[in-house]
Amino acid sequence: MSDGSPGGLHDPDLQEVVAGVKIRDLKVGEGSPPVQIGARIRVHYKGWLADGTVFDSTEGRAPFVCNLKPGMDGVITGWVYGIQGMRPGGIRKLVIAPDKGYGNQGTDRIPPNSFLIFEVQLLEILPSANLAQGPGRPMSDGSDGGTEDLQLTHIGDGVRIRDLRLGEGTPVEPGATITVHYKGWLPDGTVFDDSRSRNRGQPMTLSLDDMIAGWRKGIPGMKPGGIRKLVIPPEMGYGAQGKGEVPPNATLIFEVELVKAGS
């Protein structure tokens, strides 16, 4: 992909689609219907800060698969409004204001209050696996069908997993120290924890030995860069006691992005 695309933030050919999101089609795709909000898509992308610094890219990696919903699979609001309307094969430049990106928190690679520039190539619109409707994360209703997701795999002790994105490198071993972003929901779609809402949006470094049994069961085998959905029964979560915003005997749904394995 290019170096941020002609004109950067001030490209005269940009068109505003909603406040804080501007787009420019570098290549118009083919096929119908176009991408709609909520669609599941496969893309290559590259992201720059306004000064030209690359903060993320799928170059050299597998394409990114995500659901085009705010927060789902880590999708920011600017992507939702900026990618809708694309067709497979298309390449689009997005310029996203801070309030449609990572806001005043930023991330480990993105300073607070940053404008973001993306170049997104839409490879494919995938069949939706969403089987349940919920109160609209980056993951709206507890991710892709909640507890009824038919693509979940049983791995024992009532824990089910689904890899939303496969990582690369050495897989996580039991008891490892890991650095992750994660979000947790109850089956009704209530978010009870989100790593991006605290610690200034930085990923969390944790020991699996200190985590609930469902994480100790469900995280090993992940590779850096991977995103995994976990559905955890009460006895492998917080049990009959519950914890904080988690009521007693609650099934838990997590989406975990493995940033790094090891301290």
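Taken together, the values in this text are just the output of simple stated rules run on the coordinates, not laboratory data. This structure is a prediction, so every number in the text was calculated from the model and none was measured. Using ideal geometry, Cβ is built from the backbone for each residue, glycine included, and neighbour counts are taken over all protein chains shown.
Which trypsin sites (Lys or Arg not before Pro) in region 155-230 sit in a loop by DSSP (not H, G, I, E or B) and have at most 11 other Cβ atoms within 10 Å of their own Cβ? Don't skip to the end; give the middle numbers.
Details: sites: Arg160, Arg162, Arg165, Lys183, Arg196, Arg198, Arg200, Arg216, Lys217, Arg228, Lys229; in loops: Arg198.
Hits after loop and neighbour filter: Arg198.
Considering only the Cα atoms of region 146-261, their convex hull presents on average a projected area of 6.6 nm².
Here's the picture: charge each Lys and Arg Cβ at +1 and each Asp and Glu Cβ at -1 in the chain, and of Gly242, Gln15, Val80 the one pushed furthest to the positive end of that dipole is Gln15.
About its Cα centre, the chain has a charge dipole of approximately 140 debye under the convention of +1 per Lys or Arg Cβ and -1 per Asp or Glu Cβ, with nothing else charged. For region 172-213, relative contact order (Cα pairs under 8 Å, six or more residues apart, normalised by length) works out to 45 percent.
Given R₀ = 25 Å, FRET efficiency for Glu168-Glu16 by Cβ-Cβ distance, to 0.05?
Numbers: r = 37 Å, r/R0 = 1.47.
Efficiency, from the Cβ-Cβ distance: 0.10.
Per the Kirkwood definition applied to all pairs of different Cα atoms, how many angstroms is the hydrodynamic radius of region 68-111?
Working: mean 1/r = 0.0878 Å⁻¹.
Result for region 68-111 stands at 11.4 Å.
Built from the Cα atoms of the chain, the convex hull projects on average onto 13.6 nm², one quarter of its surface area. In region 8-126, the C-alpha radius of gyration followed by the widest Cα-Cα span (Dmax) gives 13.2, 38 angstrom. Here is how the number arises for the chain: DSSP H runs of 4 or more residues each give -39500 (n - 2.57), the sum is divided by the residue count, and the result at 222 nm is -1000 deg cm²/dmol.
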